[in-house]
C-alpha cells in the first residue's frame, strides 16, 4: 500500500495535563480528572472524529525532581492498560504506547503489544525507548551507558520481532475434526541466544492483525538514529528549525537506505505545539495567558534537570554562559541541549526566556497565531522535505485539543493535506505501511518447529 504524498501523517500526544507546562492551572483544565478514564476517552474520541492516524502515550518511570508540582512531568497513565481500555471505545484510530527496553523483558512486551493489536483489530504501535532515568526504581545503582542501552534495545527489538513472527499467518486452522486449533508445524521456536537475552519462544498467542504492531522510535543521537533506521516504521523527533529539520530528514532517510530498507517505509514526524485561535490575535492572547501561568521556580528546576546543570546562581533575566552547556553529560537529550544552547548563546535568550520556551515546546517547535497560520507552516515543512507529518502536542486540555481538531485539521483537510475519512482500519493502513509477512510454513526447519 502506498500513501498519497499530499496526506500528512498526524498523531496526537496524549499529555493530559496539557503540553504547555502549568497549563493545568487554567480554569476548566480538567486537572481534577488526571489519571481517570473519562478524560482520555473524551480526548481519544475527539482525535478519532478528526480522523487522526493515532494517539500516543509517552511514559516516565519517575515522579520528577519535584513530585506533584506540575502534572505534565508525571506518567499519570500507564500506556498499555490505558490503550487497552481505549481500544473498546474507539474503532479506527491508532493506539501507540511506550515501553522501555531498559526496564522490561522482550517476552512480556511482545505479548502486551500483540495482545493490544488483536484486541483493537490492528491498531497498536510500540514506541521503543531506552530510558535515561529511573534506575533507582528498578534496583539499579546507576543507568547503563547510552551505548549499552542501545545495544540492549537493538537485541530487544530483534527478540520481540522474532516472537511476533513465531506463528505463521496461517497457523490457526481450527480443525474440529482433527482436534487441533493451531497447526504445530506452523508455529516455531525462536531459540534466541544473544548478549542480553536467551528466549526460546514461541510466543503463546496467535499472530496479530498487523503481523507486527507499528514500531515507533524517538532517538535522535547517533545511536538512536542507527536503531531507528534499522527497526522503526515511524520516528518522533524534536526539530524546531526547518533547515535543521530538512538536514535531519535527509540524513535519516539515507540511514534507512543504508540499513537496507525503503526510505518511504519510515515516517518522520517532528513535534509541533499549535497555540492557536480563530485569529492571530486570539492565538497570541492564549499564548500570553499560558506564559503567565508558568511557575518560574519549578521551571528553573526543570531546566536544571533537562540541561543537567545547576542554575541556582543565574538570575532569571541573565543568559546561561556558553561554557555551562556540556553536551556530553546531558542525561535526557543531547539534541535538546544543543537547541537550548543555540537559543541562549546565539539568540540571547535569558533564563526566563528559556523557561518559557521549554514550557511551550520542551524542545519541539511551536507556533502562535491562527489555525490558518499553523497550517501554512505545517504545509511549508511538509512540502520542503522537512517531515512526513507531525506529532501534534496540545498546549492545554481540553481547549487546545479542541482547537487542533476543530480548527487546524479542517484547515489541512480543506487544502487536501489530510484525509476527511479513514480509508483503512489498521494503523499500518492509515500510515500507508505494508503488512510484514512472518514465514513460509511450507519451508520450515524441523529443528525450529514446536513439536
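The values are calculated or read from the model by the stated rules, or taken from the named source; none is laboratory data. This structure is a prediction, so every number in the text was calculated from the model and none was measured. For neighbour counting, all protein chains shown are included, and Cβ atoms are generated from backbone atoms with ideal geometry for every residue, glycine included.
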(message) Within the range 407-428, does at least one residue satisfy the condition of being in contact with a helix residue (DSSP H, G or I) (Cβ under 9 Å, 6 or more places away or on another chain) and closer than 29 Å to residue 299 by Cβ?
(response) yes
(request) Return yes when residue 110 is surrounded by fewer than 17 Cβ atoms within 10 Å (Cβ to Cβ), over 30 Å from residue 307 (Cα atoms) and at pLDDT 95 or above and no when it is not. (result) no
(message) Where the second residue is at pLDDT below 90 and not in a helix (DSSP H, G or I) and the first is closer than 21 Å to residue 395 by Cα and lies in the range 336-360, which pairs have Cβ atoms under 6 Å and are six or more apart or on separate chains?
(response) 336/363; 339/363
(request) Among residues belonging to the range 270-298 that are out of contact with any helix residue (DSSP H, G or I) (no Cβ under 8 Å at 6 or more places or on another chain) and assigned to a loop (DSSP other than H, G, I, E, B), point out the one that is modelled with the highest pLDDT. (result) 279
(message) For the range 347-378, which positions are on the phi < 0 side of the Ramachandran plot, part of a loop (DSSP other than H, G, I, E, B) and in contact with a strand residue (DSSP E or B) (Cβ under 9 Å, 6 or more places away or on another chain)?
(response) 364
(message) Regarding the range 64-83, can at least one residue be identified that is closer than 24 Å to residue 165 by Cα, in a loop (DSSP other than H, G, I, E, B) and in contact with a strand residue (DSSP E or B) (Cβ under 9 Å, 6 or more places away or on another chain)?
(response) no
(message) What's the total number of residues in the range 230-262 that are assigned to a helix (DSSP H, G or I), under 22 Å from residue 110 (Cβ atoms) and in contact with a helix residue (DSSP H, G or I) (Cβ under 6 Å, 6 or more places away or on another chain)?
(response) 1
(request) Counting only residues that are at pLDDT 95 or above and surrounded by fewer than 17 Cβ atoms within 10 Å (Cβ to Cβ), give me the helices (runs of 4 or more DSSP H) lying completely in the range 382-447 with at least 2 of them. (result) 409-414
(message) Checking the structure you have, find out if any residue of the range 107-123 is part of a loop (DSSP other than H, G, I, E, B), in contact (Cβ under 8 Å) with a residue 12 or more places away in the chain, within 28 Å of residue 226 (Cα to Cα) and within 19 Å of the chain's Cα centre (by Cα).
(response) yes
(message) For residue 21, only one of the following conditions fails: (1) more than 21 Å from residue 432 (Cα to Cα); (2) surrounded by fewer than 23 Cβ atoms within 10 Å (Cβ to Cβ); (3) modelled with pLDDT under 95. What is its number?
(response) (2)
(request) Restricting attention to the range 173-205, report how many residues are touching a helix residue (DSSP H, G or I) at 6+ places or on another chain (Cβ under 9 Å) and at positive phi. (result) 2
(request) Could you identify the single residue in 100, 104 that is surrounded by fewer than 23 Cβ atoms within 10 Å (Cβ to Cβ) and closer than 30 Å to residue 424 by Cα? (result) 100
